[in-house]
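Worksheet: one structure, shown below.
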Amino acid sequence: MGALDRLRIADFSWVGAGPRATKDLADNGAEVIKIESRRRLDLGRRSPPFAKGDAKNPDASAFFAQTNTSKKSVTINLGDPRGAEIAKRLVAWSDVVVENFGPGYMERIGLGYPELCRVNPDVILASVSVAGRTGPMAGFRGYGNSAAAHSGHAAMSGWPGSEPHMPPFAYGDVVAPMFLTVAVLAALEHRDRTGKGLHVDVSQIEPMAHVIADLFAAPPAEKPANSDARMAPHGVYPCAGEDRWIAIAVEDERQWTALCDIIGGAHLVEDRRFATMGARKTNEAALDAEISALTATQDRVTLAKRLTTAGVPASPVLDGKDLAESEALKSAGHFVEVDHPVLGPSAMPAPPMRMEATPHAVGPSPCLGQHNAEVFGGILGMSAEDIATLERDGVLA
Amino acid sequence: MNLLEGTRVVVIADGLTDLGGAMLAKLGADVTLFSETYKRGAAARLAWHHDMRPSADGETLESLLDSADILLDGRRCGGTHDDARDGRPALIHIVANVDNDRTLPATDLTLMAASGLMTVIGEPDRPPLRLPGEQAYALTGIQVATAALMGLRARRLTGEGQRIDVSATQSATLANYREAIMYDWTGRIGRRQGNKLVRGASGVRQVWPCADGFVTWSMIDNPAMMRALISVMADHNAAGELADIDWDAILVADTDQAVIDRWQGIVADFFAAHTKAELGAWSLDRGWGLSTISTLDEVRDSDHLAAREFWQDVPDGKGGTNRLPGPLFQCHAPPSEGTT
């Protein structure tokens, strides 16, 4: 049994911010039906990398596959009034409706919250967008990095004295869906106790501000980069090899002594500039230079093992290859092998938790419209003839 | 927000559980901070613990657990309460650790290093960087809150609580949705590119100076967005050769880098001549996809966030208040009812 068995989700969301939340729910047992259309293909299906480089195959995107595990897919042309009516029947079936369309789209196709409540009075509608559904920026059209800009992340990213920094991934598309998952589960708890549905409205900007609440509590004068307000050493140091680094953080004097011993810096323990945490913080630049000189010739993995064994927090700075080949992540169940009809056996990310009584189970992402017959015939009770007619007419497409 | 009203939570805070406890409190749960094994500065404690009730003198973990629904048990700094569910079968015991099977020493920085994210953050000629704040702890904290809510949902199905182990290593690594899969399928290993967004054969800028700060915008293959921007540039006689390009007929990702750089120079001159307020208003109105880059002070002064009642004035313990993030999201009741 999964934690969310018997939970039904009608998932109108696409690309990243909505689908990552419904993946969490589907991997834990919820029945998630992804409503898609061949006429307005989920941009996630067009996102690289592709199996065999086949960008034209809507089922070949590995990006889509890892974002949509354990779901079902149906195709409905929501622009056709008959399609919208069929979508409403899925709303009536569902506990939760998820969407991340542009502002006003759900209303334009007749699926605004009041209409959903008319169809299913205790339904939970979960929306996620860059700026939320209310406020002066409610109509803002952006992307995941927009939230980094509007939340203070971009301004606080990068090296001190440099311009704001935008990493090459959309952190807002990571944090906001996690908040959406929390919002859905909290709304379900509320409904279980009150019998009442809700519309939960997640803005990508707000979760991004929440996760730097400590910076809002005490705004630093400069970007902190890798430094810590208290700890020193606390940084990333070069190791042997091209672009090879180790992260080291020292929380107390015992760890400091162990670090010096292991990296061959016994003389540093005696150096008055580094005698206490406060002194090390004051002389951080000199400290980092001393440590860098000692780590630069060492193997990052071996050094990290020696340090952690001695109780010093350390890790090699890993890259994509390291992650993909990590035996530790595989054995922890972080990547599980899932067989997919187009991608073949593929490593897919699993929830980062182990539930003793209700374990998760990660299944393959669906091919486009793979579950049309099962959902339209089985759940909605439509005849095979009606389904065929509507497919021919481009309504179920 | 009272979605979890009546739910009782006990927190052992160690960095990994703090945000999880804070989120459950903001959802209306009664959250007691039993202990802090990770001693933070006053500001960080204010940020993460302001909605929690400190345990009272004489309250023991045992006594708190007797009436609790959920224990958030942070183990980064050690400690063990494996017997927490003995005699309390309904308790949901969330154990947050560095990973599930090992107990390696770790901090936010080393967890971020292990996530693979730092390799792609920062400048090519400088060391890898982490994200601002303590994002590995934050990511774990959100998973801790998720695990607690999953546990509540499962308890409604089974009638019993359970133990749920949350891995900080996996929580941080899960945020890296791009690098492992890119290597798996293409053999490419991502490296730091500064503020350049590399797609296909070329790279485009992401951060641009304007008259009073910075904005983010990228010249990507979105013809409607390009036309919307160039229309305004043309109104200001600033579009140059961009006005003559058929954006439906070209792919920026396949365009020669020198040509892109020339085009970006025209855009840079336009952005540099206008303020964040002007550019932001045009973007909102015309759909450019441009965002103004706000400082922390500007975020706190945002009209938009004020309208959404996002901020919460929290007593700072010195007779003043500190303005901190408030609700996690907005809730709207069904049309016939008020706001929840």
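The values are calculated or read from the model by the stated rules, or taken from the named source; none is laboratory data. Source: prediction; values computed, not measured. Glycine also receives a Cβ, built like all others from the backbone with ideal geometry; neighbour counts cover every protein chain displayed.
Some values worked out for this structure:
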| read-out | value |
| --- | --- |
| Complete set of residues in the stretch A:1-37 that are at the interface with chain B (Cβ under 9 Å from one of its Cβ atoms) and of a type in the set (A, V, I, L, M, F, W, C) | A:M1, A:A3, A:L4, A:L7 |
| Filter pass, B:A138 being among the hydrophobic types (A, V, I, L, M, F, W, C) and either without any contact (Cβ under 8 Å) to a residue 24 or more places away in the chain or within 23 Å of B:L109 (Cα to Cα) (or both) | yes |
| Failed condition for A:P316, given (1) more than 8 Å from chain B (Cβ to nearest Cβ); (2) within 20 Å of B:L117 (Cα to Cα) | (1) |
| Enumerated helices (runs of 4 or more DSSP H) restricted to the stretch A:103-166, each holding at least 2 residues that are among the small types (G, A, S) | A:144-151, A:153-156 |
| One residue from B:V204, B:V215 being assigned to a strand (DSSP E or B), farther than 21 Å from B:R130 by Cα and either at pLDDT below 95 or not assigned by TED's automatic domain parsing to the domain that holds B:L242 (or both) | B:V204 |
| Number of the condition not met by A:G172 [criteria: (1) surrounded by 24 or more Cβ atoms within 10 Å (Cβ to Cβ); (2) without any contact (Cβ under 8 Å) to a residue 12 or more places away in the chain] | (2) |
| Filtered residues of the stretch B:167-195 (kept if of a type in the set (V, I, T) and in a helix (DSSP H, G or I)) | B:T169, B:T173, B:I181, B:T186 |
| Spans of strands (runs of 3 or more DSSP E) in the stretch B:1-92 with at least 3 residues crowded, with 20+ Cβ neighbours inside 10 Å, among the polar types (S, T, N, Q) and free of Cβ contacts under 8 Å to residues at least 24 places away in the same chain | none |
| Filtered residue count, the stretch A:208-237, keeping only those that are in a helix (DSSP H, G or I) and at the interface with another protein chain (Cβ under 7 Å from one of its Cβ atoms) | 7 |
| Spans of strands (runs of 3 or more DSSP E) in the stretch A:314-392 with at least 3 residues without any contact (Cβ under 8 Å) to a residue 40 or more places away in the chain | A:335-340 |
| Lone qualifier among A:P121, A:P81, A:P136 - being at the interface with another protein chain (Cβ under 8 Å from one of its Cβ atoms) and more than 18 Å from A:D201 (Cβ to Cβ) | A:P121 |
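Rundown of residues vs (1) farther than 28 Å from A:P224 by Cβ; (2) assigned to a loop (DSSP other than H, G, I, E, B); (3) within 14 Å of another protein chain (Cβ to nearest Cβ), yes/no style:
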| site | (1), (2), (3) |
| --- | --- |
| B:E241 | yes, no, no |
| B:A253 | yes, no, yes |
| B:V267 | yes, no, no |
| B:D285 | yes, no, yes |
| B:E309 | yes, yes, yes |
| B:G317 | no, yes, yes |
| B:P334 | yes, yes, yes |
